[in-house]
1. Give me the residue from region 130-142 that is open to solvent by less than 60 Å² (accessible area, probe 1.4 Å) and of a type outside the set (Asp, Glu) and, out of that set, modelled with the lowest pLDDT.
2. I'm trying to understand the selection: among the residues of region 35-55, which are open to solvent by 60 Å² or more (accessible area, probe 1.4 Å) and assigned to a helix (DSSP H, G or I)?
3. Could you list, ordered by first residue, the pairs with Cβ atoms under 7 Å in which the first is in region 35-60 and on the phi > 0 side of the Ramachandran plot and the second is of a type in the set (A, V, I, L, M, F, W, C) and surrounded by 11 or more Cβ atoms within 10 Å (Cβ to Cβ), at least 6 apart or interchain?
4. Of Val67, Val59, which residue is open to solvent by less than 20 Å² (accessible area, probe 1.4 Å), of a type in the set (Val, Ile, Thr) and part of a helix (DSSP H, G or I)?
5. Given the conditions (1) over 18 Å from Leu176 (Cα atoms); (2) among the aromatic types (Phe, Trp, Tyr); (3) modelled with pLDDT of 95 or more, which single one is not true for Phe56?
6. Please state which of the following conditions Phe125 fails to meet, knowing it meets all the rest: (1) closer than 17 Å to Ser70 by Cα; (2) touching a Phe, Trp or Tyr at 6+ places or on another chain (Cβ under 9 Å).
Amino acid sequence: IMGIRRGTRGARQRPAGFAMMAEDLQLRKVFDDVMAQVEEAKDLRYESVESLSFLFDKVLDKAVDIVQNSCVKRVVGERSGREIFQVKAGRSTGARRQSKGWLQQCHAADGQHAEVPDEYLVLPFHYCSCHAFQFEVINRGEAFLCKHILAARLARALGMTMTYVVKDELLAQVLLAY
């Protein structure tokens, strides 16, 4: 059954079902082609920015800001070569403390303390541990990636990650911490 899904951006309507999957696949293809050009040139050229801006609107600005502020860590397993990314959250509120990973303490509406991750886990490149990925990508299907995945992809393509080579056991512990 084909339905209509309404996005939060104005009156934009997107078809559900198979048509939605076809549209997402076409967008992913355009995105992958643009990222290949960025990786080849090791630069964000005007044409690439225009294409990415069309695909991601305001998310692109936030992702570029994350990359420019050196907030993308690439963690590579020593023997396996497996890689994950830790991408800093794009905000700077609350006091920071270190716990299971990097956590930021925020005040909830009822005065209780809630822990919000200061860095998110990004798996190359189909998962992010942020709430936007869970809500907008998984639940609502309004986007096919969040600003953290976009930042990781851009930083990797531009060679702007801070790379850490760690033992595979430590990489597994990092994954379990999320």
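1. At the first step, the residues of region 130-142 found to be open to solvent by less than 60 Å² (accessible area, probe 1.4 Å) are 130, 132-133, 137, 141-142.
Imposing the further condition that a residue be of a type outside the set (Asp, Glu) reduces the set to 130, 132-133, 137, 141.
Numbers: Cys130: 95, Ala132: 92, Phe133: 94, Val137: 88, Gly141: 83.
That would be Gly141.
2. Within region 35-55, the subset open to solvent by 60 Å² or more (accessible area, probe 1.4 Å) is 37, 39-40, 42-43, 45-47, 50, 54.
Of everything in region 35-55, those that are open to solvent by 60 Å² or more (accessible area, probe 1.4 Å) and assigned to a helix (DSSP H, G or I) turn out to be Gln37, Glu39, Glu40, Tyr46, Glu47, Glu50, Phe54.
3. Pairs found: Lys42/Leu158.
4. On the way: Val59 fails: open to solvent by less than 20 Å² (accessible area, probe 1.4 Å).
Going through Val67, Val59 in turn, the sole match is Val67.
5. Only one criterion is unmet by Phe56, namely (3).
6. (1)
For every residue, the table says whether it meets (1) modelled with pLDDT of 85 or more; (2) touching a helix residue (DSSP H, G or I) at 6+ places or on another chain (Cβ under 6 Å); (3) hydroxyl-bearing (Ser, Thr, Tyr).
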| position | (1), (2), (3) |
| --- | --- |
| Arg82 | yes, no, no |
| Arg96 | no, no, no |
| Gly101 | no, yes, no |
| Phe144 | no, yes, no |
| Met162 | yes, no, no |
| Asp168 | yes, no, no |
| Val174 | yes, no, no |
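The values are calculated or read from the model by the stated rules, or taken from the named source; none is laboratory data. This one's a predicted model, so the numbers in the text were calculated from it and none came from an experiment. Ideal geometry is used to build each Cβ from the backbone, glycine not excepted, and the neighbour counts take in all protein chains shown. These area figures cover heavy atoms from the full protein model, side chains too; ligands, DNA and RNA do not enter into them. Shrake-Rupley method; radii C 1.70, N 1.55, O 1.52, S 1.80 Å.
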